[in-house]
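The values are calculated or read from the model by the stated rules, or taken from the named source; none is laboratory data. From a predicted model like this one, the values you see are computed outputs, not experimental measurements. Positions of Cβ are backbone-derived with ideal geometry, glycine not excepted, and every protein chain shown enters the neighbour counts.
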Amino acid sequence: MAYYIILFVLTVVFAWTCDGKTEVPKVTFFSFCLSIGLFVGLADMLGGYDRYIYCEVFQDMHENVNKGVFFSDEFLLFFGKEPLYGLINDVIAFFTPNRYIFILVYTLVLYAVYAINFYRYTKNPFFALLIFEGLMFFFTFTYLRQVLAAGIIWLAIPYVAQRNLKKYLLFVVLATLIHNSAAYMILLYFIPRRKFERKRIILFMVALLIFGISGVTKFVFSVSGDAINNSRIAGYADTAEFGFRIEYVIESVLFLFILLTNYKKIDKDEYTLTMINVYLMFCGLLLFFCKSSDGGRIAWYCLLGIIVVLERFCRPKSAVPLKSFITIMCFVLFYRILAAWGILLYPYKTFLTPGIRQGDFIEESYEYDHAYDNDKLYNL
């Protein structure tokens, strides 16, 4: 657990050292982001069973690519509706069948995309990274497709402010071909870019919460999955039938409170108003999907709005109390997932050392190739 805490503390130090006025050297920030990418990418099958599933499919792709077949029956079965992710698999599989190299290369690309986003949209990219670590970092260990799709959507958001539908649509399509759930982000383009009244925002969010509690989200998942013939998305309906995710509501209320108490500071230019819309979409999605364990994942595409707006609010010297609150809040969120996932994340181990972690029940249930147990690079 200590390694994760150290990583977060280092990010806090950089975030608070940067004043937002002096430009952060690009080499420094990108090097730090790629170091985090190495930390995640070198991990020995940490994060949950999804890694094993992705890796087993990847090795199947290698066998076909090795025969010169890029679009095999297995490719169409696994990636028929998300072929861009399949092509990424094929490209890496062309060079190696090793699952650890696949994860490492993929993760480094992922964190390069994140670094570009945070550096482009904020003056204190380390503070942006701090917020990211509190809300999404741990999911980059396991939800490989969706976290990359989110990063690609983030690259496209300025095109909404520029009213460039063709370029925005291109990025949405690319993201959708990695994970179909990204398709709904086309809606962002058609949301009016204006400073809505506080009362209207509150009423709209309350309405979304009521809809969420009513269970209508199960219907949304079911219809969406059927519409694109994606059984996986339709299957999300099963997670929206029972229970109530109070943490979604708490997060949404906190972020809405921060936004509305700083509402006078918001500029009315197209770019800022677009980011505010993304911010509000994030909060609204958490409320709407309050009965679904997959609601948080759906909202990842809008996380950039939270990151950019909060970073902007925290730039002035007078914002030290707010910056302190957000730092503490992000640590609480960071530690909550770290503690809850337990053996899925720690003790931390890289694939640079042989052997398996004791007590890893995911490895016991999902390991498909025990040749990796003693030689992680046996098929390099």
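For the reader, a short list of remarks on this structure follows.
- Scanning the range 306-324 for residues that are without any contact (Cβ under 8 Å) to a residue 60 or more places away in the chain and within 21 Å of Leu286 (Cα to Cα) yields a total of 1.
- From Thr96, Thr142, residue being crowded, with 20+ Cβ neighbours inside 10 Å, in contact (Cβ under 8 Å) with a residue 12 or more places away in the chain and of a type outside the set (A, V, I, L, M, F, W, C): Thr142
- Criterion applied to Ser31, Ser35 was being free of Cβ contacts under 8 Å to residues at least 60 places away in the same chain, among the small types (Gly, Ala, Ser) and within 20 Å of Met136 (Cβ to Cβ), and the one residue passing it is Ser35.
- For Phe30: the one exception among (1) at pLDDT 95 or above; (2) hydrophobic (A, V, I, L, M, F, W, C); (3) closer than 22 Å to Glu363 by Cβ: (3)
- Scope the range 331-376; condition in a helix (DSSP H, G or I), within 23 Å of the chain's Cα centre (by Cα) and closer than 20 Å to Tyr54 by Cα; matching residues: Trp341, Ile343, Leu344, Ile362
- Wholly enclosed helices (runs of 4 or more DSSP H) of the range 76-138 bearing at least 2 residues more than 18 Å from the chain's Cα centre (by Cα): 83-93, 99-121
- Scanning the range 43-82 for residues that are farther than 25 Å from Asp373 by Cβ and in contact (Cβ under 8 Å) with a residue 60 or more places away in the chain returns Lys81, Glu82.
- Residue match in the range 53-63 (condition: in a helix (DSSP H, G or I), assigned by TED's automatic domain parsing to the domain that holds Leu129 and out of contact with any Leu (no Cβ under 6 Å at 6 or more places or on another chain)): no
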